[in-house]
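No value in this document is a laboratory result; all are computed from the given coordinates. Note that the structure is predicted; figures quoted are calculated from it, not measured. Note: ideal-geometry Cβ built from the backbone for every residue, glycine included; neighbour counts use all protein chains shown.
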Amino acid sequence: MGFRSGFVAIIGRPNVGKSTLLNQLLGTKLAIVTPKPQTTRNRISGIVSWPDSQIVFLDTPGIHEGKGTLNRFMVDEALNSLLEADLVCLMIDAEFEVRADDIRPEELSIIDHIRNSARPAVLAINKVDKVEKNLLLPVLDRYSKAFPFTALVPICALAGDGVDSLVAEVKQRLPEGERMYPEGQLTDRSRDFIISEFIREKAFLLTHQEVPYSVAVVVDAVQERPGKDHVLYVAATLHVERDSQKGILVGRRGEMIKEIGSKARTDLEAFLKRRIFLELRVRVEKDWTRSDRGLTRVGFTP
Ligand SMILES: Nc1nc2c(ncn2[C@@H]2O[C@H](COP(=O)(O)OP(=O)(O)OP(=O)(O)O)[C@@H](O)[C@H]2O)c(=O)[nH]1
Ligand SMILES: [Mg+2]
């Protein structure tokens, strides 16, 4: 058997645990994770290398009814990843599924997209730590009737349970092919992109209602600071849609932006394995989520 390699798109509804799985597969935190839906906005690759194979997993935004320009961009990112993939991993939330009588229209529509893409697919039933095992049987039954999944694998992405079985199933289906990236490369995303995401995660976690969905982060500068303490200077801008949101993000006496900054810095220092000096500013890019031009202005490249 020769070397195997390929792309696996992880798709599903928002909040099912796609990014958590990507991080578990990589053994490190690359993709941001929050309890709020629609956290991920871009396709993010995570490259996993073995002596006999290499898999590029594609974490994608949750597929949802996209009304605004940003929402449509996100859904497009997910659906385009489907077409990039050799194999699809559809992820569902076990806790939700065991309470439902049937597959809901949202998942059926994703299954239609998979069918239209003509890609083979595995089903990952995530968050099984939250349900009784025997309750999964009807769920497995419903889904195996809805689509000829090559495998249906219960997993706990958070703890890693079942992830080895999922990988084994995926590996079997991959075409023979060359290594696509050097061993040790984690992602095709730039360092600046990951930095901006780590900052956005903290803004997403610490704000409420519509505010997290109105924040975009752009890294303005990353510079080596001269001197023996080896600090990396990072400057970034948090864009919001309205003045009132700017007030919230800055906070009273600047407390909110300070907290976002210190939490982001801790994570960035762990990720980049060095000391960081982080400087954040907040500015209004009016209604940026609502137009292509707005998205471009806050760093999206459609
Ligand atoms: N109990 C439990 N929680 C999980 C598991 N996997 C993910 N979660 C939690 O589910 C929430 C959403 O996880 P994400 O990985 O951000 O989900 P996602 O599918 O990437 O969400 P979007 O990016 O919004 O589409 C987080 O609070 C995770 O900690 C799991 O196996 N068990
Ligand atoms: Mg995600």
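Arrange the following residues from fewest to most other Cβ atoms within 10 Å of their Cβ: Thr60, Thr266, Thr28, Thr39.
Going from least to most buried by this count: Thr28, Thr266, Thr39, Thr60.
Most mobile of Met91, Met74, Met256 per a Gaussian network model of the chain (Cα springs, under 10 Å)?
Result: Met256 has the largest fluctuation of those listed.
Percent of alpha carbon pairs in segment 144-248 separated by more than 19 Å?
Details: 3813 of 5460 pairs.
I get 70 percent for the Cα pairs in segment 144-248 exceeding 19 Å.
Using amide H atoms built 1.01 Å from N in the peptide plane, name the residues 5+ places from Arg13, or on other chains, whose amide H lies under 5 Å from its own.
Answer set, sorted by chain and number: Ile63.
Provide the per-residue ³J(HN,Hα) series for segment 39-56, in order, calculated from phi with Karplus coefficients 6.51, -1.76, 1.60 and θ = phi - 60°, each as a whole number of Hz, with x at glycine and proline positions.
Per residue, the Karplus-derived 3J(HN,Hα) values read 6, 7, 10, 10, 6, 10, 8, x, 9, 10, 10, 10, x, 10, 6, 9, 10, 9 Hz.
Gap in Å between the Cα centre of segment 227-259 and the Cα centre of segment 106-183?
What the calculation gives is 39 Å, centre to centre.
Calculate how steeply helix 69-84 sits against the longest principal axis of the alpha-carbon atoms of the chain, using the helix alpha-carbon long axis, and give the answer as 0 to 90 degrees to the nearest 10.
Between helix and principal axis, roughly 40 degrees.
Could you check the spin-label model distance between Glu132 and Lys145? Points 7 Å from the Cα along Cα→Cβ, value in nm.
Spacing of the two 7 Å Cα→Cβ label points: 2.2 nm.
For the residues Leu249, Leu232, what sequence is obtained by ranking on other C-beta atoms within 10 Å, fewest first?
Fewest-to-most Cβ neighbours within 10 Å comes out as Leu232, Leu249.
Past 21 Å, Cα to Cα, is the threshold; run Lys18/Lys202; Lys246/Lys286; Lys18/Lys127; Lys202/Lys246; Lys18/Lys145 against it and keep the listed order. Walk me through the numbers before you get to the answer.
Numbers: Lys18/Lys202 19 Å; Lys246/Lys286 11 Å; Lys18/Lys127 11 Å; Lys202/Lys246 15 Å; Lys18/Lys145 23 Å.
Check vs 21 Å cut-off fails for Lys18/Lys145.
Enumerate the amide H contacts of Ser53 below 5 Å, restricted to partners 5 or more residues apart or on another chain; note that Pro and chain-start residues carry no placed amide H.
For Ser53, whose amide H was placed from the backbone, the distant partners under 5 Å are Arg4.
Neighbouring Cβ atoms within 10 Å as the yardstick, rank Val163, Val153 fewest first.
Val163, Val153
Across segment 235-245, in residue order, what do the Karplus-derived ³J(HN,Hα) couplings come to in whole Hz, using 6.51 cos²θ - 1.76 cosθ + 1.60 with θ = phi - 60° and x for Gly and Pro?
The phi angles translate into 10, 9, 10, 9, 8, 10, 8, 9, 4, 4, 6 Hz.
Please give, to one decimal in nm, the separation of the simple spin-label points placed at Gln185 and Lys67, each 7 Å out from Cα toward the Cβ.
About 4.1 nm separates the two model spin labels.
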